[in-house]
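First comes the structure, then the notes that go with it.
The values are calculated or read from the model by the stated rules, or taken from the named source; none is laboratory data. Note that the structure is a prediction, hence the values are computed from the model and not measured. Every residue, glycine as well, gets a Cβ built from its backbone with ideal geometry; the counts of neighbours run over all protein chains shown.
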Amino acid sequence: MEKFLGTVKFGNDQIAPILGYGDLVQGAVTIKRVYYVEGLNHNLFSVGQFCDADLEVAFRKSTCFICDLKGNDLLTGSRGTDLYSITLQSTSSPN
């Protein structure tokens, strides 16, 4: 994990520090520069990061899909209140 000093501002105007970033690998999918944010139980990445990896992203009312350019489903996420999350098979915390 690379060190990165910055912050993230949430919808409620709360600010949290970004402690670092790294590449997330999930099967054939590699997403670069995924942020680790202090106090947040999830890593953050954007739709643009999937697009930069030549993947397609589709959102429905309660589900999101990440597919390769051939239409093969690679990852599926679900919607909470206003946030879509993807559960990955194996994660680790930064050192």
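Contact map, the stretch 6-17: first residue under 18 Å from residue 33 (Cα atoms), second residue assigned to a strand (DSSP E or B) and modelled with pLDDT under 85, Cβ cut-off under 7 Å, separation 6 or more or different chains; pairs are 8/44.
Flag not set for residue 14, criterion: on the phi < 0 side of the Ramachandran plot and at pLDDT below 85. When you scan the stretch 64-72, do you find a residue that is aliphatic (A, V, I, L, M) and modelled with pLDDT of 90 or more, even just one? Looking through the stretch 64-72, at least one residue is aliphatic (A, V, I, L, M) and modelled with pLDDT of 90 or more. Listed by first and then second residue, the pairs linking a residue in the stretch 61-85 that is without any contact (Cβ under 8 Å) to a residue 40 or more places away in the chain and surrounded by 14 or more Cβ atoms within 10 Å (Cβ to Cβ) to a residue that is assigned to a loop (DSSP other than H, G, I, E, B) and hydrophobic (A, V, I, L, M, F, W, C), with Cβ atoms under 6 Å apart and 6 or more places separating them unless they lie on different chains, are 66/55; 77/86. With respect to (1) touching a residue at least 12 places away in the same chain (Cβ under 8 Å); (2) assigned to a loop (DSSP other than H, G, I, E, B), the lone exception for residue 36 is condition (2). Residue check: is residue 55 under 15 Å from the mean Cα position of the chain (by Cα), of a type in the set (A, V, I, L, M, F, W, C) and loosely packed, with under 15 Cβ neighbours inside 10 Å? It is false that residue 55 is under 15 Å from the mean Cα position of the chain (by Cα), of a type in the set (A, V, I, L, M, F, W, C) and loosely packed, with under 15 Cβ neighbours inside 10 Å. Of everything in the stretch 58-88 that's outside any loop (DSSP other than H, G, I, E, B) and among the small types (Gly, Ala, Ser), which residue is farthest from the chain's Cα centre (by Cα)? Step by step, filter the stretch 58-88, then rank; the result is 58. Residues that are at pLDDT 90 or above and among the hydroxyl-bearing types (Ser, Thr, Tyr) were ranked within the stretch 34-63; the one that is nearest to residue 21 (Cα to Cα) is 63.
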